[in-house]
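The values are calculated or read from the model by the stated rules, or taken from the named source; none is laboratory data. What you see is a predicted model, and the numbers here were worked out from it, not measured in a lab. A quick note on method: Cβ atoms are made from the backbone with ideal geometry, for glycine too, and the neighbour counts reach across all protein chains shown.
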Amino acid sequence: MTYPPTPPRATDALLADLRRDLPGTALSTGPEATVPYSADRSGSRPDGTPLAVVHAANADHVRTTLRRAHALRVPVVPRGAGSGLSGGTNAGADSVVLDLSRMNRILDLDPHEQLAVVEPGVITAALDRAAGEFGLRYAPGPARASVSTVGGDIATSAGGLRCAEYGVTRDAVLGLDVVLADGTAIRTGRRTVKGITGYDLTALLVGSEGTLGVITAATVRLRRLPETTATVAASFATFTESTEAMSALTAARLDPSMAELLDGPVLAAVDEAQGSDLRSRGAALLLLQFEGRSAEAEAQWAVRLLRQRAVSVETTTDPAEADRLLTARRLALPSLERLGRVLIEDIAVPRAQLAAVVTEIRIIAERHGVRIFTFAHAADGNLHPVLVLEADAPGIPDAARHAAGDIFTTALRLGGTLTGEHGVGTLKRKWLAQELGPAQHPLQQRIKAAFDPHHILNPGKAL
């Protein structure tokens, strides 16, 4: 990554300021403290290690850090759990990591208004559990909700298994408390369901990957827990037939809350790790859930349509049995991690192109000699091609880089996007201008400059 030049002696001056203005426990320096904060789970590595880590416990710590760093032109990299997959929190030499994980309080949970106000370090699953005590849920559910933070989810507008019905994180965020690059605190959005006063800065900040401001609190929408949930699992002889079945459900105006699709190589990996026999049943597995009062009727309707193409179909409303049916999806990534080091990609295409893009991914894997396993959020066309590398491979091998690049260009050629929910980070910036185009890309860069004129916030990311 490339940071703007840091003025001579600026880093020494910043450390002196932070030691004076922050509690002793809030500042860590030295390789033992900073190296663990230098990279996320993407597999990419920055040049050098960060200068220091600020463990912010409140918004005042964030304002102080940014005000001092802005004055001295020192880069600041906001970070939550570090579970990102695109290099979005990688921090190189002469940068300061702003660790928000200690800001982990649920400040308000209003069951009547169906909203919560939380700090950025709140674990996503913890918010969902807290809402569940009132018969509510925090609908965005990233696959790693047990470790991801709400702030990190907002930074990438993360999605999850329930995106088909509830949308991604952007659809759940009503308002934000944000500190800008110069330390100015602003509040965007609202606590009401509707509101259009001024430009929608909340939507702009969601998905901005920490390049426009640092979130210190978020007001998020909660949803009622469904009265009934019906789960369907269907196996298919070919992946194409599974995507055709999904298209038939869409044409019939059936809207599952979850639609997960796993290809044959993923099923074989789960079988190898768990001793199951999923791959013997077919080359693709489609997992659906329907929620609400009409869940059972919709599931039965879906079963009738699926049986026209599937080799087997199972359905249940029993939670324990549903958990069994969803085991393959839950264990997909852990099973792949047993095979080597994983590089999890994230593209989205029009739903009609699902079969085409998976075929292309198989060709790409053969061309570059790279193992690629694919699962998808089928209802919204979001795919995760997972490249499995040798466990001891240093960095990202050239073959894997070239394969990932081919996957990105294929997604764009098919009318899709570089990222559906993981963010651009550092890994996908090479292709960003190709997607945004010659008019929009400079406009977005001007927006960045308006929020962060000295480009200290997470430089080298997203744009």
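Within segment 238-249, none of the residues are farther than 25 Å from Pro319 by Cβ, of a type in the set (Phe, Trp, Tyr) and modelled with pLDDT of 95 or more.
Regarding segment 79-93, can at least one residue be identified that is crowded, with 20+ Cβ neighbours inside 10 Å, touching a residue at least 60 places away in the same chain (Cβ under 8 Å) and among the hydrophobic types (A, V, I, L, M, F, W, C)? Yes: one or more hits.
Select from segment 432-457 the residues that are touching a strand residue (DSSP E or B) at 6+ places or on another chain (Cβ under 9 Å) and not basic (Lys, Arg) and write down the one among them that is farthest from Leu201 (Cα to Cα). Per the criteria, the residue is Glu435.
In this structure, Gly82 does not qualify as in contact with a Leu (Cβ under 9 Å, 6 or more places away or on another chain) and not assigned by TED's automatic domain parsing to the domain that holds Gly151. Arg191 falls short on exactly one of the conditions (1) in contact (Cβ under 8 Å) with a residue 24 or more places away in the chain; (2) surrounded by 15 or more Cβ atoms within 10 Å (Cβ to Cβ); (3) closer than 30 Å to Phe290 by Cα, and that condition is (2). Selection of segment 422-446 for residues being touching a residue at least 40 places away in the same chain (Cβ under 8 Å) and out of contact with any Ser or Thr (no Cβ under 9 Å at 6 or more places or on another chain) yields an empty set. Residues that are small (Gly, Ala, Ser) and under 17 Å from Ala218 (Cα atoms) were ranked within segment 168-184; the one that is surrounded by the most Cβ atoms within 10 Å (Cβ to Cβ) is Ala172. In segment 412-463, how many are among the basic types (Lys, Arg) and over 18 Å from Gly210 (Cα atoms)? Count: 2.
In segment 138-222, counting only helices (runs of 4 or more DSSP H) that sit wholly within it, the ones holding 3 or more residues that are farther than 21 Å from Arg102 by Cβ span 163-166, 201-205.
Those helices (runs of 4 or more DSSP H) of segment 278-342 in which 3 or more residues are in contact with a strand residue (DSSP E or B) (Cβ under 6 Å, 6 or more places away or on another chain) occupy 295-306, 327-337. Quick check on segment 372-395: of everything there that is surrounded by 19 or more Cβ atoms within 10 Å (Cβ to Cβ) and more than 22 Å from Leu287 (Cα to Cα), which residue is farthest from the chain's Cα centre (by Cα)? It comes out as Leu389.
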